[in-house]
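Okay, so here's the structure we're looking at.
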Amino acid sequence: MKLVIAVVQDKDSNKLSNELVKKGFGATKLASTGGFLKSGNTTFLIGVEEHRVEEVLQVIKDTCKAREKTITPMSNMGSTGETFVPYPVSVQVGGATVFVIDVEHFAHF
Ligand code: 2BA
């Protein structure tokens, strides 16, 4: 068995859970926060038999879209008195960041 961990954008999370349920995958959604943007995203834990991993990855790929996000760094007055002029920076976020890991033991009571 494998555990698929997928970090996706909040905007895609409902659609992804619906698609996973429709195709018979068990999944758990966790509210998470991106370390870089410090904004909310959603992490899915999906336990799956090895032969269905590619199918899950395809569902994630088809459902989650990459989007541009613009961030404006906080302005900062350095200790030497120099000023930092903030200007918007654009980053591309997602579709999805996915990890597939081996499950040593699975129990469901
Ligand atoms: P965030 O950490 O908020 O990152 C959002 C986007 O900002 C990233 O999109 C990437 O385009 C950019 N970014 C991240 N770190 C950067 C840096 N040091 N310098 C410049 N740009 C940077 P994605 O790569 O698609 O990542 C989306 C979310 O997936 C991340 O949100 C984070 O929550 C998760 N993630 C990405 N890589 C990860 C990793 N290696 N381990 C764990 N989670 C990861």
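Any read-out appearing in this document is the output of simple, stated calculations on the displayed coordinates, not a laboratory observation. Keep in mind the model is a prediction, meaning the values are calculated, not measured. Cβ placement follows ideal geometry from the backbone for every residue including glycine, while neighbour counts extend to all protein chains displayed.
Things to note:
- Of S90, S32, the sequence from fewest to most neighbouring Cβ atoms within 10 angstrom is S90, S32.
- Cleavage-rule hits (chymotrypsin sites (Phe, Trp or Tyr not before Pro)) in the stretch 1-78: DSSP loop, at most 14 neighbouring Cβ within 10 angstrom: F36
- Mean-square fluctuations from a GNM of the chain, with a 10 angstrom spring cutoff on Cα atoms, peak among V53, V21, V93 at V21.
- Long pairs among K22/K65; K2/K69; K15/K69; K2/K29, criterion Cα-Cα beyond 27 Å: K2/K69
- Share of pairwise Cα separations in the chain, more than 22 Å, in percent: 43 percent
- Exposed trypsin sites (Lys or Arg not before Pro) absent - longest run of the chain, DSSP non-H/G/I/E/B, at most 13 other C-beta within 10 Å: 39-109
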